[in-house]
């Protein structure tokens with residue numbers, strides 16, 4: 001399911017209960033798993049993080065995040081997606097991120113997400 005936000009960006013809302021295969025579905029399934037605190041599923045979907053963190057470090061990295069309110073896919077180039085993310089923190093503030101995710105064979109194989117001001 002898709003919708004368009006106020007600045008014309010397409011916001012994807014993946015359907016639940018399906019095994020993701022497209023880059024859009026995989027990235028959305030990853031963030032849905034984080035929202036649900038289903039860290040094993042998020043870990044399985046993000047193979048790239050395995051080269052940089054242990055599972056415990058990965059899980060701990062989301063300790064101050066209550067949910068990812070908005071995952072907006074702002075561009076696609078083959079298996080790579082450009083995203084903007086707004087994350088609600090446990091103290092009520094928001095953090096913003098932007099970057100790219102590359103998906104192959106149903107998993108994230110490269111990720112470069114950095115903080116932004118909005």
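Subtracting the Cα-Cα distance of residue 50 and residue 67 from 0.36 nm times their residue separation leaves 3.9 nm of extension gain.
Annotation: extensible slack from residue 96 through residue 21 equals 24.4 nm (criterion: 0.36 nm per residue apart, minus Cα-Cα distance). Most simply put, region 9-116 has about 95% antiparallel DSSP beta bridges, counting only bridges with both residues inside it.
A full extension of the chain between residue 118 and residue 74 corresponds to an added length of 14.4 nm, given 0.36 nm per residue minus the alpha carbon distance. As a length-normalised measure over Cα pairs under 8 Å and 6 or more apart, the relative contact order of region 9-116 settles at 26 percent. Give me the distance between the Cα centres of region 21-74 and region 93-118, rounded to whole Å. Between the Cα centres of region 21-74 and region 93-118 lies a distance of 10 Å.
Coordinate-derived values only; no laboratory data. A quick note: this is a predicted structure, and the numbers were derived from the prediction, not measured.
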